[in-house]
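> Have a look at this one.
The values are calculated or read from the model by the stated rules, or taken from the named source; none is laboratory data. This one's a predicted model, so the numbers in the text were calculated from it and none came from an experiment. Every residue, glycine among them, receives a Cβ derived from its backbone with ideal geometry; neighbour counts consider all protein chains shown. Heads up: the accessible areas ignore ligands, DNA and RNA and are worked out on the full protein's heavy atoms, side chains in. Shrake-Rupley method; radii C 1.70, N 1.55, O 1.52, S 1.80 Å.
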Amino acid sequence: MKCSGDFSLLRDTQGDGYWYLATPYSKYPAGIHDAFMLASKAAMEFIRQGIRVYSPIAHTHPIAIFGRHDPCDHKTWLALDRPFMNGAVGLVIVKMQSWEESAGIKMEIEEFKTVGKPIYYFECEI
């Protein structure tokens, strides 16, 4: 996966922190497993660029699947993700297919806007 955007800006402003990496999941047209794989690939691309990221999808999808919990239980995952949003330097949105329809990404955008943290958008080629 190759992503385009201003990686240097993210590196220069992350300090000792991390960025919260938003990607679509439950409404991803190819399904949640493909959404998980692409979120993981995107996270690795940012890591390769020297950007520390927390990807809620890459982190929680295997926990849900192997822990036999509903991967689309937004109440559970939002409670888990909120402290990570609070601790993040800002939000990075990967503009994958269906990202604009994602209720989760809309909520994440609102959370980050409310506290005045930066939001950046990246295009990633699959």
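> Name the single residue that is modelled with the lowest pLDDT among those in region 37-89 being of a type in the set (Phe, Trp, Tyr) and either touching a Gly at 6+ places or on another chain (Cβ under 8 Å) or open to solvent by less than 40 Å² (accessible area, probe 1.4 Å) (or both). Before you say what the answer is, go through the steps one by one.
Taking region 37-89 and keeping what is of a type in the set (Phe, Trp, Tyr), we get 46, 54, 66, 77, 84.
From what is left, the residues that are either touching a Gly at 6+ places or on another chain (Cβ under 8 Å) or open to solvent by less than 40 Å² (accessible area, probe 1.4 Å) (or both) are 46, 54, 77.
Working: Phe46: 95, Tyr54: 96, Trp77: 72.
Looking at residues that are of a type in the set (Phe, Trp, Tyr) and either touching a Gly at 6+ places or on another chain (Cβ under 8 Å) or open to solvent by less than 40 Å² (accessible area, probe 1.4 Å) (or both), I get Trp77.
> Right, next: Filter region 26-36 for residues that are in a loop (DSSP other than H, G, I, E, B) and open to solvent by 30 Å² or more (accessible area, probe 1.4 Å) and give the result.
In the first step, residues of region 26-36 are kept if they are in a loop (DSSP other than H, G, I, E, B); the result is 26-31.
Within region 26-36, Ser26, Lys27, Pro29, Ala30 qualify.
> Pairs needed: first member in region 92-119, closer than 23 Å to Arg11 by Cβ and assigned to a strand (DSSP E or B); second member anywhere, of a type in the set (Phe, Trp, Tyr) and open to solvent by 60 Å² or more (accessible area, probe 1.4 Å); C-beta distance under 9 Å; at least 6 residues apart or different chains.
Val92/Tyr120; Val92/Tyr121; Ile93/Tyr120; Ile93/Tyr121; Val94/Tyr121
For (1) in contact with a Leu (Cβ under 6 Å, 6 or more places away or on another chain); (2) among the basic types (Lys, Arg), each residue gets a yes or a no:
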| site | (1), (2) |
| --- | --- |
| Pro24 | no, no |
| Val53 | yes, no |
| Ile93 | no, no |
| Lys106 | no, yes |
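> Given (1) over 20 Å from Met85 (Cα atoms); (2) in contact (Cβ under 8 Å) with a residue 12 or more places away in the chain, identify the lone condition not met by Met37.
The failed condition is (2).
> Scan (1) open to solvent by 30 Å² or more (accessible area, probe 1.4 Å); (2) more than 21 Å from Pro118 (Cβ to Cβ); (3) of a type in the set (A, V, I, L, M, F, W, C) for the single condition Leu9 breaks and write down its number.
Condition (2) is where Leu9 drops out.
> So, one more: Identify all residues within region 98-118 that are in contact with a helix residue (DSSP H, G or I) (Cβ under 9 Å, 6 or more places away or on another chain) and open to solvent by 40 Å² or more (accessible area, probe 1.4 Å); write none if there are none. Write out each step before concluding.
Let us first name the residues in region 98-118 that are in contact with a helix residue (DSSP H, G or I) (Cβ under 9 Å, 6 or more places away or on another chain), namely 98-100, 102-108, 111-112, 115, 117-118.
Trp99, Glu100, Ala103, Lys106, Met107, Glu111, Val115, Lys117, Pro118 - these are the residues of region 98-118 that are in contact with a helix residue (DSSP H, G or I) (Cβ under 9 Å, 6 or more places away or on another chain) and open to solvent by 40 Å² or more (accessible area, probe 1.4 Å).
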